[in-house]
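The block underneath contains the structure these notes are about, expressed in structure tokens.
What follows draws every value from the coordinates through simple rules; no lab data is involved. Owing to the predicted nature of the structure, the values given are computational and were not obtained by experimental measurement. FYI the Cβ positions are ideal-geometry reconstructions off the backbone, even for glycines, and counts take in every protein chain you see.
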Amino acid sequence: MCGIVAATAARDVVPVLIAGLKALEYRGYDSAGISVLEDGRLARVRAVGKVRELESLYRAAPVAGATGIAHTRWATHGAPSTSNAHPHVSSERVAVVHNGIIENHAQLREELRAKGYRFESETDTEVIAHLVEDAIAGGASLLEAVIAATRRLHGAYAIAVMNRDTPERIVGARRGSPLVAGLGDGEFFLGSDVQALIKQTNRFKFLEEGDVAEISRDGCAIYDADGTPVERPERKSELSADAVERGEYRHYMLKEIFEQPRAIADTLEGRIADGRVLPNIFGVDADQLLQRVRHVQIVACGTSYHAGLVARYWLEGLVGLPCSVEVASEYRYRRAVVPEGTLFLAVSQSGETADTLAALRDGRNRGYLGSLAICNVPESSLVRESDLVLMTRAGPEIGVASTKAFTTQLAALALLAIELARINGMAADKYAKLVAELATLPRVVAEVLTLEPEIAKLAERFVPKHHALFLGRGVHYPVALEGALKLKEISYIHAEAYPAGELKHGPLALVDEDMPVITVAPNNQLLEKLKSNLEEVRARGGELFVFADTDAPVQQDGTRGAVLKVASGGNLIAPAVFTVPLQLLAYHVAVLRGTDVDQPRNLAKSVTVE
């Protein structure tokens with residue numbers, strides 16, 4: 001959610017901090033701020049709104065310093081305001097930025113007030129600044145003070161702290177929220193993720209749970225929660241600085257929609273060849289674990305949850321393995337029965353989704369056979385903490401509304417389903433046919449993208465609407481869910497998705513001439529059932545917008561609604577293919593309605609707090 005950037009160097013770091021905040025805008029935020037050590041004082045600039053508002057204030061009254069911290073905030077405690085924006089300070093000596101939620105902040109606030117500390121904000125973060133200041137006033141170093149303060153905190157946090165009296169040093173710590181250290185030549189950095197720092201360095205150390213890092217111009221030292229020095233491996237990121245640029249596209253979301261053929265090809269590259277899924281693509285000796293799988297438990301959130309719902313149809317229909325799919329925020333709080341031989345499958349774009357991570361960690365004590373992560377970020381906590389991993393290789397996804405992350409997740413899940421089908425005795429000819437079909441997915445998606453002009457025209461008819469229904473049957477019900485999610489989160493049109501067969505059980509009451517109904521109609525065994533559902537909508541004056549397979553006998557009826565033909569490429573890849581026109585529809589409706597496509601209100605890209 002929130003974003004952290006920190007730097008200490010032999011140069012003015014303010015441009016570095018602002019550039020880092022801009023790289024983190026995709027995460028979602030409502031205010032931004034920086035603080036630097038300038039001529040022996042803590043200089044601070046904060047603004048409500050976008051980073052450009054902060055930058056305008058900085059240009060009007062410049063500050064400069066060689067050590068500084070910066071933050072983009074997504075409000076959890078206290079409304080968006082300048083006083084609630086980070087960094088927060090204590091006694092004009094300590095400044096702190098913080099991601100996460102401190103659950104015992106109220107208790108700590110009262111304790112600190114009793115000691116004479118004054119609070120200027122409504123945030124939970126300000127207690128951290130005062131705790132650190134209190135420890136320093138008692139004689140502790142900055143490092144010792146941060147370690148002492150973190151021992152008092154309940155909840156999730158990633159923090160970066162600096163002290164006026166120890167220039168050129170910044171201390172960071174993490175528990176439950178990600179933090180990475182960037183390694184330069186005589187300059188060092190902290191950030192929420194690699195993207196914040198990639199323009200400065202490609203060398204990183206990833207802090208583990210409970211770690212505390214101290215950076216200075218001389219280096220980066222990492223300690224565990226007890227203050228014992230520990231070594232964390234240095235890694236080189238393959239992310240390029242230009243990968244997070246928008247290029248010729250109006251919005252990141254549109255760029256990422258059109259990147260899908262390449263992204264899916266990258267997901268499949270080196271994983272299928274000669275008509276088969278290559279061995280151990282999920283990790284060394286993965287085949288031995290997969291051969292013992294008798295049940296799959298998928299846990300995910302949001303769009304990743306919809307990908308999991310699609311995978312359930314594949315795992316049960318193609319493989320014959322029972323599969324359960326659950327929203328991580330629900331799963332982690334109930335006592336789930338774990339059948340023998342169950343694989344825990346976590347799906348996440350960022351690999352830092354708080355609920356999914358918590359479910360994975362909780363699952364270690366529930367008797368699972370093992371864990372598999374499908375994820376887009378190789379340095380993420382989810383990847384590091386799972387037994388097996390399959391990276392989606394989608395590249396950076398900046399737009400809050402997930403697009404290429406979803407279709408690459410489907411490609412990765414299809415690889416898993418096909419491999420489990422082989423292990424469980426699928427006929428060789430059927431297996432080869434599925435692999436061949438999956439290999440065509442990048443090309444088929446590229447063909448679907450040529451429909452953009454027609455979809456953009458279609459979007460004009462949605463501009464005055466306030467509600468929409470999405471329908472799908474079988475494996476395409478999750479596609480309808482994903483389509484509804486895309487429309488609601490970026491255009492702010494209320495949208496719901498239902499299995500088409502459920503129309504008569506309530507949703508049909510909503511259908512009238514003002515309610516557009518969007519349907520996915522692949523040419524499969526459920527088509528005739530679906531056509532019957534569509535007639536129910538037409539009979540009640542509903543306006544139908546049907547994305548139908550080119551081979552499906554579905555025709556437009558009269559002047560209302562529309563039928564758009566889509567070449568699905570086959571039943572296995574159809575869910576990914578039909579998702580693309582729904583993404584384009586949501587995008588163009590949002591553009592016409594004038595919303596903030598890449599950063600929709602109230603939403604964050606990476607949900608790193610509960």
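Please find the FRET efficiency linking residue 81 to residue 334, where r is the Cβ-Cβ separation and R0 is fixed at 51 Å, and quote it to the nearest 0.05.
The value I calculate is 0.85.
In the chain, what percentage of the DSSP-assigned beta bridges are antiparallel, given to the nearest 5?
So the antiparallel bridges in the chain amount to around 60 percent.
Hey, with R₀ at 45 Å, roughly what FRET efficiency would residue 41 and residue 248 work out to, going by the Cβ-Cβ distance, to 0.05? Before the final figure, lay out the partial values.
Values: r = 44 Å, r/R0 = 0.98.
Rounded to the nearest 0.05, the efficiency is 0.55.
What's the extension gain from residue 91 to residue 467 if we count 0.36 nm per residue and subtract their Cα-Cα distance?
130.2 nm
Diagonalise the Cα gyration tensor of region 1-117 and give the resulting equivalent ellipsoid semi-axes, square root of 5 times each eigenvalue, largest first, whole Å.
23, 18, 12
Around residue 456, what is the net charge, scoring Lys/Arg as +1 and Asp/Glu as -1 over all other residues with Cβ under 14 Å from its Cβ? Can you show the working numbers first?
Numbers: positive: 250, 457, 461, 593; negative: 452, 454, 460.
Residues near residue 456 contribute +1 overall.
Sort 477-489, 40-52 for me by packing, meaning the mean count of neighbouring Cβ atoms within 10 Å per residue, highest on top. Please list the in-between numbers first.
On the way: 477-489: 25.6, 40-52: 18.0.
Top to bottom by mean Cβ count within 10 Å: 477-489, 40-52.
Two decimals is fine: what's Rg over Rh for region 37-96, C-alpha atoms, Kirkwood radius as Rh?
Taking Rh as the inverse mean 1/r over Cα pairs, Rg/Rh reads 0.95.
Rounded to the nearest 0.05, what FRET efficiency do residue 433 and residue 551 have when you use their Cβ-Cβ distance and R0 = 30 Å? Could the numbers behind the result be given before it?
On the way: r = 17 Å, r/R0 = 0.58.
Calculated value: 0.95.
Compute the long axis of helix 142-152 from its Cα atoms, compare it with the longest principal axis of the Cα atoms of the chain, and write down the angle in degrees, 0 to 90, nearest 10.
With rounding to tens, the tilt is 50 degrees.
Cβ neighbours within 10 Å, averaged per peptide: list 170-178, 87-95 in order, most packed at the top.
Result, highest mean first: 170-178, 87-95.
Any idea what angle helix 404-423 forms with the longest principal axis of the chain, computed on alpha-carbon atoms, 0 to 90 degrees, nearest 10?
Long axis of 404-423 versus the principal axis of the chain: about 60 degrees.
When averaged across all projection directions, what area in nm² does the alpha-carbon convex hull of region 252-593 cover?
Orientation-averaged projected area of the Cα hull: 16.3 nm².
Output the pairs from 404/465; 22/236; 50/404; 115/205 with a Cα-Cα distance over 30 Å in this structure; if there are none, say none. Write out the running numbers ahead of the final one.
Details: 404/465 27 Å; 22/236 22 Å; 50/404 25 Å; 115/205 37 Å.
The pairs that break the limit, which is 30 Å between Cα atoms, are 115/205.
Starting from 0.36 nm per residue, how many nanometres of slack lie between residue 208 and residue 230 once their C-alpha separation is accounted for?
Length gained, residue 208 through residue 230: 6.9 nm.
If neighbour count is taken as other Cβ atoms inside 10 Å, put 220, 375 in order from fewest to most.
220, 375
Across all directions of projection, what mean area in square nanometres is found for the Cα convex hull of region 3-242? Intermediate values should be presented prior to the final figure.
Numbers: hull surface 46.4 nm².
That works out to 11.6 nm².
On a full-extension model of 0.36 nm per residue, what is the gain between residue 364 and residue 199, subtracting their alpha-carbon distance, rounded to one decimal in nm?
Gain on extension, residue 364 to residue 199, equals 55.7 nm.
Going by alpha carbons, how many degrees (0 to 90, nearest 10) lie between the helix axis of 354-363 and the longest principal axis of the chain?
Relative to the chain, helix 354-363 is tipped by roughly 80 degrees.
Which of rounded, prolate, oblate describes region 241-349, given a ≥ b ≥ c as roots of the alpha-carbon gyration tensor eigenvalues and a/c under 1.5 marking rounded, otherwise prolate only if a/b is larger than b/c? Don't jump to the answer; show the numbers that get you there.
Numbers: a/c = 2.49, a/b = 1.43, b/c = 1.74.
Since a/c reaches 1.5 but b/c is at least a/b, the shape of region 241-349 is classed as oblate.
So if I average 1/r over every pair of distinct C-alpha atoms in region 171-301 and take the inverse, what Kirkwood radius in Å does that give?
One decimal place: 18.4 Å for the Kirkwood radius.
Please pull out the direction-averaged projected area of region 417-482, using the convex hull of its alpha-carbon atoms, in nm² to one decimal place.
6.5 nm²
With only alpha-carbon atoms in the gyration tensor, what are the semi-axes of the equivalent ellipsoid for the chain, in Å, largest first?
45, 28, 21
Quick one: Debye curve from the alpha-carbon atoms of region 369-434 only, equal weights, vacuum; give me log10 I(q)/I(0) at q = 0.25 Å⁻¹ to two decimals.
Here the Debye-derived log intensity ratios amount to -1.06.
In region 306-427, what is the volume of the convex hull around the alpha carbon atoms, normalised per residue and reported in Å³?
Dividing the Cα hull volume of region 306-427 by its residues yields 102 Å³.
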